[in-house]
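Beneath this line is the structure, given in structure tokens, with notes to follow.
The values are calculated or read from the model by the stated rules, or taken from the named source; none is laboratory data. None of these values were measured; they are calculated from a predicted model. Cβ coordinates were reconstructed from backbone atoms using ideal geometry, including for glycine residues, and neighbour counts include every protein chain displayed. Heads up: the accessible areas ignore ligands, DNA and RNA and are worked out on the full protein's heavy atoms, side chains in. Shrake-Rupley method; radii C 1.70, N 1.55, O 1.52, S 1.80 Å.
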Amino acid sequence: DSMEVMMDKDKILQETERMVKTVLIDEKSGHDWLHIKRVKETALEIALKEGADPFVVTLAALLHDLADEKIVESEDEALVDIKNFLLKLGVDTLDIQHILTTITTMSFKGGNSPPVETLEAQVVQDADRLDAMGAIGIARCFIYAGKVGSPIYDPQLEVRDQMSIEEYRNDKTSAIHHFYEKLLKLKDLMNTKTAKELATSRHEFMEMFLEQFYHETRERRR
Ligand code: ADP
Ligand code: NI
């Protein structure tokens, strides 16, 4: 009835942040809470410059990794949980649909996914991809490689150019190879002008890193 008080947007964001933090606090694969916090902050910065809805962008950024098959066993069940969580907070059903579509369509998955459809999805995807670039992207790449048992570098391996999702997920690669398979491609995949600008120095930093890596290891530059 009319006594029912809708939670205001700040309260919804706070509650969501608290839930996500609890779920991801022990994550060690590079999808940890601080990754979410960085993506949320970058996404909000881009949203304000690009005129995207800051509420939908922030919620989608906070929730974007909770249905990733690297973290949960069933993506579908995780999506139902997210939906119920947002319904309980009183989030508008159209916003909920928008958020769910955003988080299911934004993943890199070998680079073959179709482009995302709304400005809000573009913004969150850009922010997530920016976090795979630059100094932080390099750090995440090596910690991920360590976690799945990939080497730093293996000159015998081929760079896989176009990969299916299965190939992308099978991790038969090295950390350095991952630069060619994903990280160096990201600057040209940015959706928004603001993200393209933010990507430039991060890309250059990765190029410098590779330069120095080949110099120190005396390996041939790929
Ligand atoms: P997204 O969440 O955008 O789908 P991923 O789950 O593929 O991204 O990757 C999460 C992080 O781990 C990113 O920083 C990514 O570059 C890194 N990563 C993913 N696969 C590999 C791999 N095979 N080797 C090294 N790093 C990887
Ligand atoms: Ni992410």
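The figures follow:
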| read-out | value |
| --- | --- |
| Å² of accessible area per residue within the stretch 9-217, as computed with a 1.4 Å probe and no ligands counted | 50 |
| Angle in degrees between helix 119-130 and the longest Cα principal axis of the chain, rounded to the nearest 10 | 40 |
| Shape call, the stretch 136-194: gyration tensor on alpha carbons, a/c limit 1.5 | prolate |
| Rounded tilt (10° steps) of 93-105 against the dominant C-alpha axis of the chain | 10 |
| Accessible surface of the chain, 1.4 Å probe, proportion on carbon and sulfur as whole % | 53 |
| Paired Rg and Dmax values of the stretch 9-217, which use every Cα atom, in angstrom | 17.1, 56 |
| Diffusion constant of the stretch 20-78 at 10 °C, which comes from Stokes-Einstein with the Kirkwood Cα-pair radius and 1.306 mPa s, µm²/s | 132 |
| Cα-based helix-to-principal-axis angle, 75-88 vs the chain, degrees rounded to 10 | 40 |
| Kirkwood hydrodynamic radius over Cα pairs of the stretch 89-208, then Stokes diffusion coefficient at 37 °C and 0.692 mPa s, in µm²/s | 213 |
| Cα Rg, Dmax, the stretch 163-206, angstrom units | 12.3, 34 |
| Peptide ranges 193-205, 143-155 listed from the most packed, as the mean C-beta count within 10 angstrom indicates | 193-205, 143-155 |
| Accessible area of R129 in the full protein assembly, 1.4 Å probe (Å², nearest 10) | 30 |
